[in-house]
1. Order these by the 10 Å Cβ neighbour count, fewest first: A:T284, A:T419.
2. Among A:V192, A:F309, A:F555, which residue has its Cα positioned farthest towards the positive end of the charge dipole of the stretch A:3-561, with +1 placed on the Cβ of Lys and Arg, -1 on the Cβ of Asp and Glu, and the dipole taken about the Cα centre?
3. Can you flag which of A:K320/A:K399; A:K548/B:K33; A:K27/A:K380; A:K113/B:K40; A:K320/A:K492 are past 32 Å Cα-Cα?
4. Give me the distance in nm between label points sitting 7 Å out from Cα along the Cα-to-Cβ direction at B:R79 and A:I503, one decimal.
5. Test of understanding: ordering A:S485, B:S85, A:S461 by Cβ neighbours within 10 Å, fewest first, what list do you get?
6. Take peptide A:45-54, look around each residue's Cβ out to 10 angstrom, count Cβ atoms belonging to other protein chains, and average those counts.
7. To the nearest 20 Debye, how big is the dipole of chain A about its Cα centre, given +1 on the beta carbon of each Lys and Arg and -1 on that of each Asp and Glu?
8. Give, rounded to the nearest 20 debye, the magnitude of the charge dipole that chain B has about its Cα centre when Lys and Arg contribute +1 at Cβ and Asp and Glu contribute -1 at Cβ.
Amino acid sequence: MNGLLWAIIMLAWLWGGYFIYGKIIEKKLIQPDDSRSTPAVEYNDGVDYSPAKTPILFGHHFSSIAGAGPIVGPIIAVLYFGWLAASLWVALGAVFMGAVHDYTALMVSVRNKGSSLADVAETAVSHRAKVIFAIFIWITLVLVVAVFGVVTAKTFIGQPQIVVPTFALILIAIFFGWLVYRMGVPIWIGTVAALILVAIFLYAGDIYPISLPRNATLGFLASSPSMIWFVILMIYALFASVLPVWLLLQPRDYLSMWLLFLGMGLGYIGLIFAHPTINAPAFTSFTSKGGPLWPMLFVIIACGAISGFHSLVAGGTTSKQLEKESSGKIIGYGAMIMEATLATLVIVIGAAALKWDPSGKLHLGYQFLMNKSAGGGPIKAFAVGFGQLVKEIPGLNSKIGIYVGMLMLNGFVITTLDTATRLARFVLQELTRDTIPFIANRWIATIVTIAFAWYFGATGSWKTIWPVFGASNQLVAALALTVVSAYFLGVKKPLKYTVIPAILMLVTTMGALLYQAYKFIFVVPKLQIAITALILFALALFIFLEAKDVFIALFRTQKQTS
Amino acid sequence: MFGKFFLKVRSGGKVHFDYVIAYRQAIGIVDLKALDRFMKTNDVDKLLLIAENPLTQGTINYLNDLSWKEKVEVVVTDRLLKTVSELKKKYREKEIKVINLDEFGERPFQYDSC
């Protein structure tokens, strides 16, 4: 089959789902009423609560939820299970679960004065549920830091030309933040200047690649060159996560948004020009190196199908800027479909732009590029495949495509590293502020987070950590769906649209965690990962039992009333 | 650090502060919500809100509905960190707490990291 044709079929399904199933969710659950004031209008404080035009809010929400996750997961899943299996999960997951999750999380927050989902959990379930939710988020964030740190370190070994532009992107973001937020330079001038600098540093990276000696070590901290890069990235995350938000996080997120749109645009245009034939198998096997298809496929592709972190954005910043309720569908449901559109591009890159070569010898082969001993991994595989598409665009070549692809993904990953470290610190500070103030100190909280991430990264590989991260992220989604279901039960709305995905994700992710625990205790002993999986399992079980009591109480109340 | 913890345990969960200095470039309702919890769970004499931008009417309306509004003093300055540092020096003999509102309350739960 042709890759372009498959992409068209997928996009038709995804956007058809938006118009048909999105409409059903809107009609049955949300019932938007534009005469009702949204929190953005009612509490307009010009800071967080502030009505934004729908296209602008869509851009903000989409760029906040789309990052490295929907790229890394699908590129691994196609290798393990085949392109059709990965596509089906993205198609069904995004339409029936992920987009429903994002849309309902957004609107439940809107109906609760723009409260965060953690606060809704406290109101709709219990205070303990909120605390457990926060612990859950913290562990997931530590896994995020570890896995993305390891993945980036591998890229620096396999593609030393990308070291300079990756780190330069951080300095460019700081420069941009200073120009726009401190010097008052118009945003478009800052953007153009930043993008020109990105191009210059891409060129500089090609001329001055940075490689570490093959036998370089850092004592107990790092036993190989890639672990040295990992330690450097952890040190970067330590300091970057305490910089003011306006100096690094905000400008870099803004620049990443441009890279995201540039990357998606170039990728799809390249796909039209290249229209490559799919050469990977549609389906490989029910078992793979990553484990059995169920439950592992559903946690390896987390962000492209359903992701719990989206509920944080939906109930965090987006719900406070929604101008009118009827815009909720395009922003909540539509942005998730757009993310699945990105995941679809990645699947086609894996299946058609790269060469399927089980021998692992072909240098443009999928298996070779994913081979960690050859300095490969998901970033390199994606970037090379992306380059294969982009080179077909008149005036561009594969080298430019590879660098742009790698910079785009590395930019996201670096963003993820310090954002996740920062958030983990915030969450740990919130958790310990009243009980263990010593840990609530910002440096201590950051060091504790980094130390755990280093431990995971130093003793595990991205292949072992990624599924645990995916499972924990999906469990956050299951918990968010449970919280919104508790809310819908309270307001007498049908439950099947949110409860069925919640149960499916709960069973799948808890199954995945148990599988991981079993695997890392009995098959490949890695106790730290096994224990983490078991802790996450126990926390999820606790919230589930807590929510179950609330559901029973609400059902009884409804029965008595009727 | 630990002293505050044991003090809190002894005083039934409330810690006394003469001054709480909370700062952010722009202070809004999200910050007031977080401070509301803090003010209700601690014993605070005076809350100094330091910001670069003046509070908007929406924020002032929300503040006026809070039970501890009488304890609030708003300071608008174009030298945010310097003002905070000066206030810290000024009240160094008192029981004070400095809160960076960028890292407080609900804000940890607003971002997607991946």
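Coordinate-derived values only; no laboratory data. No experiment lies behind these values; they were computed from the predicted model shown. Positions of Cβ are generated from backbone atoms using ideal geometry, with glycine treated the same way; all protein chains shown enter the neighbour counts.
1. On the way: A:T284 19, A:T419 25.
Taking fewest neighbouring Cβ atoms as first place, the list is A:T284, A:T419.
2. A:F555
3. Details: A:K320/A:K399 42 Å; A:K548/B:K33 29 Å; A:K27/A:K380 43 Å; A:K113/B:K40 20 Å; A:K320/A:K492 25 Å.
As for pairs spanning more than 32 Å Cα to Cα, those are A:K320/A:K399; A:K27/A:K380.
4. 6.4 nm
5. The fewest-first ordering by Cβ neighbours comes to B:S85, A:S461, A:S485.
6. Whole-number average of other-chain Cβ neighbours for A:45-54 is 6.
7. Numbers: 36 positive and 21 negative charges, 149 e Å.
Roughly 720 debye for chain A.
8. Using only the charged Cβ atoms, the result is roughly 480 debye.
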